[in-house]
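Down below is the structure, laid out as structure tokens.
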Amino acid sequence: VAMAFVKLADVYWAAENYAKASETTVRAIDSFEQSVGKDSKEVAQLYSYLSLLALMVDDFEGADQHNRQAIKLVTGAFGADSWEMQRCHLDAANIVRLKARGVAREVARESAADDLRSSKHAGGSSKGNASNRVG
């Protein structure tokens, strides 16, 4: 069930319906918390995904809040030296940079696309959508 919510969130993201993508991602988090635990890798990755969704609508405070939760969970689930942690720190830097500049949604999209390209080149999981990060 949880992965179905993740896939649906990807569909909403692709359709640029970020509110529905966020809502569906929260449902995926709830489902994963019930099935594999609150401190799971899947939940950590989905908080990172929520952070990017918040950036898509220029919700810098929400992006920061979700990213901080992702960092907390990633520390336990993946480790402080993991690629996931590096991505979270890159996201945190982008949140600060974008917030300081007051950048529009298009620039946030470019940042997310850069994360996706970097992740693929590094052999990590992709950041561009939740299904490539979870499962």
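Could you please give the count of residues in region 70-89 that are open to solvent by 80 Å² or more (accessible area, probe 1.4 Å) and part of a helix (DSSP H, G or I)?
Pass one, region 70-89, residues open to solvent by 80 Å² or more (accessible area, probe 1.4 Å): 72, 81, 86, 89.
In the following step, the residues that additionally are part of a helix (DSSP H, G or I) were identified as 72, 86, 89.
Matching residues across region 70-89 total 3.
Look through ASN17, ASN67 and report the one residue that is open to solvent by less than 20 Å² (accessible area, probe 1.4 Å), among the polar types (S, T, N, Q) and closer than 21 Å to ALA113 by Cα.
Of the residues listed, the single one that is open to solvent by less than 20 Å² (accessible area, probe 1.4 Å), among the polar types (S, T, N, Q) and closer than 21 Å to ALA113 by Cα is ASN67.
For region 90-109, enumerate the residues that are open to solvent by 40 Å² or more (accessible area, probe 1.4 Å) and either of a type in the set (Lys, Arg) or modelled with pLDDT of 85 or more (or both).
LEU90, ALA93, VAL96, ARG97, LYS99, ARG101, ARG105, ARG109
Of the numbered conditions (1) open to solvent by less than 10 Å² (accessible area, probe 1.4 Å); (2) without any contact (Cβ under 8 Å) to a residue 12 or more places away in the chain, ASP59 satisfies every one except a single condition; which is it?
So the condition that ASP59 fails would be (1).
In region 11-25, what count of residues is obtained for those that are at pLDDT below 95 and within 21 Å of SER35 (Cα to Cα)?
0
TYR49 passes all but one of (1) in contact with a Leu (Cβ under 9 Å, 6 or more places away or on another chain); (2) buried (at least 22 other Cβ atoms within 10 Å of the Cβ); which number fails?
It fails just one condition, (1).
The values are calculated or read from the model by the stated rules, or taken from the named source; none is laboratory data. What you see is a predicted model, and the numbers here were worked out from it, not measured in a lab. Positions of Cβ are backbone-derived with ideal geometry, glycine not excepted, and every protein chain shown enters the neighbour counts. We work out accessible area using only protein heavy atoms, side chains counted, and drop any ligands, DNA or RNA first. Shrake-Rupley method; radii C 1.70, N 1.55, O 1.52, S 1.80 Å.
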